[in-house]
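Asks: I have a structure I would like to understand better, so I am pasting it below and will then ask my questions one at a time.
Every read-out reported here was derived from the displayed coordinates using simple, explicitly stated rules and does not represent laboratory data. Here the structure is a predicted model, which is why all the values come from computation and not from measurement. Cβ placement follows ideal geometry from the backbone for every residue including glycine, while neighbour counts extend to all protein chains displayed.
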Amino acid sequence: MIDATDEKWLLGALVEGGNGSRAVRPNPKVGCVVVAAGQLVGAGFHAVCGGPHAEVVALQAAGAAARGATAYVTLEPCAHYGRTGPCVDALVAAGIARVVIGAADPHPQAQGGAAALRAAGIAVEFAGDPAPAIRLAEVFFANQLHQRPWVQLKLAMTMDGRIAAADATSRWITGSAARTQVAALRAQADAVVVGSGTALADNPRLDLRHGSDSAAALPMRVVVDRRGRLATDRGCALHVHDASRQPTVVVTSQNDVDWSRFCQGGAQVIRVVHGDDWLRRALAELLRRGVCHLLCEGGATLAAALVQAQCADQLDLLIAPKLLGAGVPVMASLGIGTLADAHTWQWDDMRRCGDDVWLSARPL
């Protein structure tokens, strides 16, 4: 059983793992610290997919001091050959005596690390609460357990829950500070998605104009357009940018729509057969195309569909100090007729962002 000292060092491993970025995907963020005689002798995190894992980095930093030491790692060490060798082998070869693990690995091929370590004579223990370690690698866990991207739903609204006025105007509800922070969100996502209604009404670029414009930071742009409304649109900003830097993908269920005009700018089309689980299958297809973290920026119909399908993992509400009275509601109908059936979430973070308020919530 782990004690308070173990929990302290596990926290250190979590902090170390937080140094990772989207560059690790589709791998998880992982941190590791090596402790000998109560002293930190090595630390590391997984920095880039294909590069050394956190355990290997920490062991290299520890050197000979790793022999007889304890390794604290946020995720169960892998026991298989992937892009790199098994971390279990590295821990055994370094002479580690004990390993404390934050959470078990959900990946079916990577599982078995704890058993392999015990078979090699290494003491292994797991954290009493795996939640912090799962939170660090939440994108990876959503990908593995649900076979879809981790979905972040961002909605900018007035104090009375409107995302546009009665005349459909919506720029800008929130201030420049909030828009800068949204650009930072986009830089962390693999793709940004909007519905066809938002694409037609707002003609968004979905770029990083308030943040970094480096090619490596640009997320894929995705439009959910089940009816093929964008197929003949010539003025859409989503297909006139350099597709080699920021590709556009349209997800549709229409087989009899000619998309050649829209695709002239480099856009791609994913066709998903219509059905009750259409959205989940569309998300699974995006995951197969490398979208591990998906940021949804509207509109009301797509937001409601994600919530109804239980595919929204985090809800970020940007609330401006404005009142409209009438206008477009933040979310379309969820088919709820009574308060007892309401979707229940828990607040995760609350902060000021310039003149606006940023609230984050997660489903219970």
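Asks: Within the chain, what percent of beta bridges assigned by DSSP are antiparallel, to the nearest 5?
Replies: Working: 25 of 61 bridges.
Bridges in the chain that DSSP calls antiparallel: roughly 40 percent.
Asks: Can you work out ³J(HN,Hα) from phi for every residue in the range 310-320, in order, using Karplus 6.51 cos²θ - 1.76 cosθ + 1.60 and θ = phi - 60°, giving whole Hz and x for Gly and Pro?
Replies: Here the 3J(HN,Hα) series is 6, 10, 9, 8, 8, 10, 10, 9, 9, 10, 8 Hz.
Asks: Moving on to the next point. As an exercise, use a Förster radius of 25 Å and the Cβ-Cβ distance of LEU11 and ARG67 to find the FRET efficiency, rounded to the nearest 0.05. Walk me through the numbers before you get to the answer.
Replies: Working: r = 24 Å, r/R0 = 0.98.
Here the calculated transfer efficiency is 0.55.
Asks: Testing the spin-label approximation: label points 7 Å from Cα along Cα→Cβ at LEU145 and ARG288. State their distance in nm.
Replies: Each label point lies 7 Å from its Cα, and together they span 2.4 nm.
Asks: Counting only C-alpha contacts under 8 Å and six or more residues apart, can you give the relative contact order of the range 245-364 as a whole percent? Intermediate results must be reported in sequence, preceding the final value.
Replies: On the way: 120 pairs, mean separation 24.6, N = 120.
Once normalised by length, the contact order is 20 percent.
Asks: Hey, with R₀ at 30 Å, roughly what FRET efficiency would THR232 and ASP341 work out to, going by the Cβ-Cβ distance, to 0.05?
Replies: Working: r = 40 Å, r/R0 = 1.34.
For R0 = 30 Å, the calculated efficiency reads 0.15.
Asks: Please state the relative contact order of the range 37-108 as a whole percent: Cα pairs under 8 Å, 6+ residues apart?
Replies: On the way: 112 pairs, mean separation 22.3, N = 72.
Result for the range 37-108 is 31 percent.
Asks: Another question, if that's okay. If r is the Cβ-Cβ distance from GLN60 to ASP277 and R0 is 41 Å, what FRET efficiency results, to the nearest 0.05? Walk me through the numbers before you get to the answer.
Replies: Values: r = 46 Å, r/R0 = 1.11.
My answer for the efficiency is 0.35.
Asks: Of the listed values (i) 1.11; (ii) 1.16; (iii) 1.05, grab the one calculated as Cα Rg over 2.2 N^0.38 Å from the structure here.
Replies: Entry (i).
Asks: Let me ask another. Given contacts defined as C-alpha pairs under 8 Å and at least six residues apart, what's the relative contact order of the chain, whole-number percent? Walk me through the numbers before you get to the answer.
Replies: Working: 793 pairs, mean separation 55.6, N = 364.
So the answer I get is 15 percent.
Asks: Could you let me know the centre-to-centre spacing of the range 166-193 and the range 1-48, using Cα atoms, in angstrom?
Replies: The range 166-193 and the range 1-48 have Cα centres spaced 33 Å from each other.
Asks: OK, next. Under a plain spin-label model, where a point goes 7 Å from the Cα along Cα-to-Cβ, how far apart in nm are LYS322 and ASN255?
Replies: 4.4
Asks: Which order, highest average first, do 319-326, 57-64 follow once you tally other Cβ atoms within 10 Å for each residue and take the mean per peptide?
Replies: Details: 319-326: 14.1, 57-64: 19.4.
By packing density, highest mean first, the sequence is 57-64, 319-326.
Asks: Mind listing the phi-derived Karplus ³J(HN,Hα) values for the range 63-74, rounded to whole Hz, using 6.51, -1.76 and 1.60 with θ = phi - 60°, and x for any glycine or proline?
Replies: x, 5, 5, 6, 5, x, 8, 10, 9, 9, 10, 6
Asks: Relative to the present Cα-Cα distance, how much length would full extension add between GLN109 and LEU200 at 0.36 nm per residue of separation? Mind showing how you got there, number by number?
Replies: Numbers: separation 91, 0.36 × 91 = 32.76 nm, distance 4.31 nm.
Extra length from GLN109 to LEU200 when fully extended: 28.5 nm.
Asks: Further question: How many Å³ per residue does the convex hull of the Cα positions in the range 283-364 occupy? Provide the component values of the computation, followed by the final result.
Replies: On the way: hull volume 10.7 nm³, N = 82.
Per residue, the Cα convex hull of the range 283-364 comes to 131 Å³.
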